[in-house]
Amino acid sequence: MVDLFNSKSLEKALKEEICVVYILYFDEAKGHVPLLIFPFEEGSKLKDNKRFMRPIKYHPVWFLSIEEQEPLDHIDLEFKGYTFFGKKFLTKSKRKKRRAGLKEESPEIIVVIASVSNDIAIFGDELIHLITEEIKEKFDDKLFKIIECEIAKDEIIKTPEIKKIINEGMKIKKDLNNMIDKITENYFHNTIKQKDTDLMNQQKALSYLALKGIDVSAIGDIKKTDFFLNNIKLFDPSTKAANELALKTPFIITNVSIIEDSQELEITVQNNTGKEIKDVIINITHLKEFFEKEIMEQDIDLWFPEEELLFISPIIPNINDYLFFITKKENKEKIFKKLINLKSLKSLKN
Amino acid sequence: MSDNLLKEDEIIIRNYRTSDYEATLEILKQLDKEFDIGFKEEQWKQSSGLRQFKPNLKRITLIAELKSTGEVVSMGMLEAVKNSLGQYVGYLDNWSTKKDYVGKGVGKILADRAIQILKSWGCTSVRINMGYNVSKKLIDVICKGQGFTPVFIVLEKKFDEK
């Protein structure tokens with residue numbers, strides 16, 4: 001049980017409850033090997049706990065190749081009240097592989113999974129993206145040392161050379177852990193700038209965070225105070241957080257409606273950047289099992305500030321989840337994405 | 001007559017905004033009264049005139065606004081539809097001007113802009129559906145002024161809604 005009078009243990013318990021980040025690599029002989037489980041300490045027995053690791057070991061991200069995963073950005077698994085956002089990438093390797101056809105320098109498969117409660121799953125997309133990008137940028141050429149360290153730990157006789165490998169790996173692991181700590185803290189405290197606060201999911205998620213003691217008023221107003229132990233200020237009328245949020249949203253979905261007669265989905269989106277947007281591509285896709293199928297692709301040469309555009313997509317029988325993307329034509333960077341679930345839309349209308 | 005004509009710089013041609021809803025509603029009602037275009041008020045929503053994108057279709061509602069007063073005086077919809085041959089054909093629909101501004105050249109300014117837009121979208125041709133009982137004078141004005149030629153006659157059968 002958490003010691004309520006010990007702020008550090010309370011902070012740790014809250015961190016565990018809000019978000020857990022797993023970094024794993026794939027070993028041909030051992031299977032999915034965890035390198036780090038944040039915020040749990042090194043030496044935690046959780047990685048050997050079959051029940052705890054079940055959604056990680058059976059996560060669909062393992063079954064898709066990097067190319068298959070690419071259009072989806074990340075793969076999600078919902079399990080017992082939590083959503084596990086998974087992302088896979090390749091990195092440098094010096095490990096001797098145990099499968100024919102693989103060489104020492106064949107790249108290592110790294111999987112990053114961030115699990116958050118379903119109540120705040122709306123924040124998971126951006127979080128997994130941030131964590132993966134930072135790992136790739138800062139640890140791409142170091143991850144193989146953590147893998148070497150994990151393998152070395154299994155050696156029965158620890159020679160000075162092996163000890164050196166372990167120490168070096170542990171140091172990198174500590175840096176990685178600190179980086180994830182910083183990203184998650186910063187993300188939940190400062191970076192969430194989702195602006196359509198009137199959406200039910202968003203309100204639900206913010207309420208959840210507020211309930212957990214996170215100062216969600218900081219979403220609009222960055223405050224450099226303690227991350228996890230702030231007062232709840234969500235409904236403080238003296239703050240203008242909602243307005244500030246609205247200004248920060250580059251695009252707002254102002255309306256989504258289902259046209260029953262023609263079986264069409266109407267999505268109205270507003271350019272809220274305050275400037276003209278040039279050369280973007282709009283994609284509407286639907287999800288079936290783990291795969292994505294495109295329904296509509298539309299080039300927008302010019303999108304005026306504050307202008308609302310109406311996108312009409314056919315509704316595919318038995319498909320409930322539709323993804324709406326805005327991508328820059330130039331570098332294919334996704335600048336906006338939203339999942340539209342017809343079931344929740346219908347229940348909201350009723 | 002030419003004294004009555006509005007100059008191009010007296011008019012702003014722009015895309016429809018949701019705030020134009022009431023003004024466009026009034027113009028469309030007026031058009032329906034005159035030509036029975038089958039307009040139903042409950043189907044013309046605030047979002048109906050927004051730039052619209054659908055597989056194989058793009059649509060814009062253009063608005064002509066008086067620069068001096070901000071009054072919406074004319075409107076017209078243009079759409080590009082991909083036909084069965086894979087070509088985009090442009091259509092000018094529901095072209096209408098407020099009664100007080102008919103004959104002042106607003107429609108022509110609006111149509112010129114619409115044709116430019118349809119051309120930029122890669123349309124191979126532009127078509128206008130006109131009322132069967134429309135005056136020959138109006139057909140002549142459009143044909144001579146804008147370079148259109150009468151090509152089709154459209155026959156329509158309305159279904160009994162009951």
B:L92 is checked against (1) part of a helix (DSSP H, G or I); (2) closer than 19 Å to B:I142 by Cα and fails just one. What number does that condition carry?
(1)
Inspect all residues belonging to the stretch B:75-86 and state whether any of them is polar (S, T, N, Q) and either over 30 Å from A:P314 (Cβ atoms) or touching a residue at least 12 places away in the same chain (Cβ under 8 Å) (or both).
no
Go through the stretch A:322-343 and give me each residue that's free of Cβ contacts under 8 Å to residues at least 40 places away in the same chain, more than 18 Å from the chain's Cα centre (by Cα) and either in a strand (DSSP E or B) or surrounded by 14 or more Cβ atoms within 10 Å (Cβ to Cβ) (or both).
A:N341
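A quick yes/no check of all residues on (1) away from chain A (no Cβ under 14 Å); (2) touching a strand residue (DSSP E or B) at 6+ places or on another chain (Cβ under 7 Å); (3) among the charged types (D, E, K, R):
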site	(1), (2), (3)
B:E8	yes, no, yes
B:I27	yes, yes, no
B:L31	yes, yes, no
B:L50	no, yes, no
B:T61	no, yes, no
The lone exception for B:G70 - which of (1) out of contact with any helix residue (DSSP H, G or I) (no Cβ under 7 Å at 6 or more places or on another chain); (2) within 14 Å of another protein chain (Cβ to nearest Cβ); (3) in a loop (DSSP other than H, G, I, E, B) it fails
(2)
What are the pairs, 6+ residues apart or on separate chains, where a residue within the stretch A:243-259 that is within 14 Å of chain B (Cβ to nearest Cβ) has its Cβ under 7 Å from a residue that is at pLDDT below 50?
A:I252/A:K195; A:I252/A:D196; A:I253/A:D196
Can you tell me how many residues within the stretch B:122-151 are assigned to a loop (DSSP other than H, G, I, E, B) and under 15 Å from B:D93 (Cβ atoms)?
6
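For the stretch A:269-316, give me every one of the strands (runs of 3 or more DSSP E) that falls completely inside it and has 3 or more residues that are loosely packed, with under 14 Cβ neighbours inside 10 Å and more than 12 Å from chain B (Cβ to nearest Cβ).
Result: A:277-288.
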Looking at B:S96 and the list (1) over 15 Å from the mean Cα position of the chain (by Cα); (2) modelled with pLDDT under 90; (3) among the hydroxyl-bearing types (S, T, Y), which single condition is not satisfied?
(1)
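The values are calculated or read from the model by the stated rules, or taken from the named source; none is laboratory data. Quick caveat, the model's predicted, so the values are computed rather than measured. So basically every Cβ, Gly included, is an ideal-geometry build from the backbone, and we count neighbours across all protein chains shown.
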